[in-house]
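The values are calculated or read from the model by the stated rules, or taken from the named source; none is laboratory data. Bear in mind the structure is a predicted one, so any value in this text is a computation, not a measurement. A quick note on method: Cβ atoms are made from the backbone with ideal geometry, for glycine too, and the neighbour counts reach across all protein chains shown. We work out accessible area using only protein heavy atoms, side chains counted, and drop any ligands, DNA or RNA first. Shrake-Rupley method; radii C 1.70, N 1.55, O 1.52, S 1.80 Å.
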Amino acid sequence: MNYFLRGGSRIIISTSTNVYTNLALERFLAENIQHQPKSKLLILWRNSPSIVIGRYQNPYVESNLNYLFENNILLSRRYSGGGTTYHDEGNLNLTILTTRDNYNRRKNLEWLVSTINDSYVNKFSLHITKRDDIILEDSINKQQYKITGSASRLTRTYAYHHFTLLINTNLNHLRQSLKSNDRFSIKSNATESIRSSVTCLSNYESTIQYETLIDILAKSFWKQNQQTKWGSDYLYDYIDPQLFQNQLKQFIDELKSDYFLYEVTPPFTYTILAHNNRTIEFSIKNGIIEDIKNSNKDEYEKFYHKQFYLMYNDIKQL
């Protein structure tokens, strides 16, 4: 691992497609790398089907949990804020890790947009919104589609900015996974995602692939960082996180835990209309049902002070 923790601008590609492992790797590198002024580490990674919610979001609002479970799509929560994203192997994730002083979110996005636009002239046109989303302009259909969203984690010493890039992801899984049936049944101060129409780059350029895009981004990254002497073996390093499980275990265990997935969710109320036309309101804090309004005695005894995520499907059957 020391090889990957040395300073200087570099590119690392994770060979793992497990969302918990990749989020743990990102956090471990951020906290342990030898940060140097003006240097950048670009991490490229992708995951098997999964939903990644922001640090301060509510999973019941942001996703269709039953659809996730039925289709073997993992639920995860990242360490940064922002909105929810769907991941699969057709969705490239990029993380740019710098010192706090060298953090520049807009510059990162401008680099990505200019690189892709220059590489696929006359195929599509990308631009950045005021919210730091990247939009594809469909001039024929007069539509705009989001192809990436981004989020950041900033500390006193380091910062990382990560964003997705929809290459050829499964848009049906994306839409169904993010289609919450409980969105309007929950009241909370949790950060809520802003829904947008999305598309994939491959819908506008069929030849675009993960592997070719990696090379394009790598060469552009080195050029931007004034590194001109590269060879085919110098562009990037692959890292197999499975070889470093001891170092990553603390973060992986946290990311997979019920505590991090559910219990850190900001307090919320969940209201349902029971079969007998009673409106029942559940108050949840730290993942625990702390109060129930308008329930009968049996319901109160069954659900009070229980973990909400364990009672979730039973509650929906009332």
Quiz item: Of Ala274, Ala30, Ala159, which is the most mobile in a GNM of the chain whose springs link Cα atoms less than 10 angstrom apart?
Solution: Ala274
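Given the alpha-carbon gyration tensor of region 268-316, what are the semi-axes of its equivalent ellipsoid in whole angstrom, ordered largest first, with each equal to the square root of 5 times an eigenvalue? Before the final figure, lay out each step's value.
Values: eigenvalues 51, 23, 20 Å².
For region 268-316, the ellipsoid semi-axes come out as 16, 11, 10 Å.
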Quiz item: How big is the convex hull of the Cα atoms of region 217-318, per residue, in Å³?
Solution: 187
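Find the eigenvalues of the gyration tensor of the Cα atoms of the chain, then list the square roots of 5 times those eigenvalues as equivalent ellipsoid semi-axes, largest first, in whole angstrom.
Values: eigenvalues 296, 108, 51 Å².
Working through the eigenvalues yields semi-axes of 38, 23, 16 Å.
Placing unit charges on C-beta atoms (Lys and Arg positive, Asp and Glu negative, everything else neutral), compute the dipole magnitude of region 1-146 about its Cα centre in debye, rounded to 20.
My answer is approximately 540 debye.
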Exercise. Quote to one decimal, in nm, the extra length available between Tyr238 and Arg195 on full extension: 0.36 nm per residue of separation minus the C-alpha distance between them.
Key: 12.1 nm
Quiz item: What FRET efficiency would be calculated for the residue pair Lys142, Asn122, taking the C-beta separation as r and a Förster radius of 22 Å, to the nearest 0.05?
Solution: 0.80
Self-check item: Kirkwood Rh and Cα Rg combined as Rg/Rh, region 1-99
Solution: 1.02
Quiz item: Which distance in nm do the two modelled labels at Ile214 and Lys293 give, with both placed 7 Å along the Cα-to-Cβ direction?
Solution: 5.4
Self-check item: the chain - percent of accessible surface contributed by carbon and sulfur, probe 1.4 Å
Solution: 45
Quiz item: Cα gyration tensor of region 110-262, axes a ≥ b ≥ c as square roots of the eigenvalues: rounded (a/c below 1.5), prolate (a/b > b/c) or oblate?
Solution: oblate
Quiz item: Can you pull out the trypsin sites (Lys or Arg not before Pro) in region 122-225 that DSSP calls coil and that have at most 10 other Cβ atoms within 10 Å?
Solution: Lys130, Lys142, Arg156
Quiz item: Assigning unit charges at the beta carbon (Lys, Arg +1; Asp, Glu -1) and nothing else, what dipole magnitude in debye, to the nearest 20, does region 10-263 show about its Cα centre?
Solution: 800
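Explain nothing, just the number: dipole magnitude of region 268-316 about its Cα centre with +1 on each Lys and Arg Cβ and -1 on each Asp and Glu Cβ, in debye rounded to the nearest 20.
Numbers: 7 positive and 7 negative charges, 13 e Å.
Result for region 268-316 is approximately 60 debye, rounded to the nearest 20.
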Practice problem: Note the full-extension length gain between Val264 and Lys107 as 0.36 nm times their separation in residues minus their Cα-Cα distance, in nm to one decimal. | Solution: 53.3 nm
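Checking a compactness column here: for region 162-232, what do you get for Rg(Cα) / (2.2 N^0.38 Å), N being the number of residues?
Working: Rg = 18.3 Å, N = 71, 2.2 N^0.38 = 11.1 Å.
This ratio for region 162-232 stands at 1.64.
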Quiz item: Within straight cross-link reach of Lys302, meaning Cα distance under 21 Å, which lysines are found once same-chain residues fewer than 8 apart are removed?
Solution: Lys285, Lys293, Lys316
Practice problem: Percent of Cα-Cα pairs per 5 Å bin, from 0 to the last occupied bin, for region 42-172, please list those. | Solution: 2, 9, 18, 21, 21, 14, 10, 4, 1, 0
Quiz prompt | Those trypsin sites (Lys or Arg not before Pro) in region 4-110 that DSSP places in a loop and that have at most 12 other beta carbons within 10 Å | solution = Arg6, Lys38, Arg100
Quiz item: Could you give the distance between the Cα centres of region 277-295 and region 198-226, to the whole Å?
Solution: 48
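Kindly provide the helix-only [θ] at 222 nm of the chain, computed as the sum of -39,500 (n - 2.57) over DSSP H runs of four or more divided by all residues, to the nearest 500 deg cm²/dmol? Could you put the intermediate results ahead of the total?
Details: 10 runs with 93 residues, N = 318.
Computed ellipticity for the chain at 222 nm equals -8500 deg cm²/dmol.
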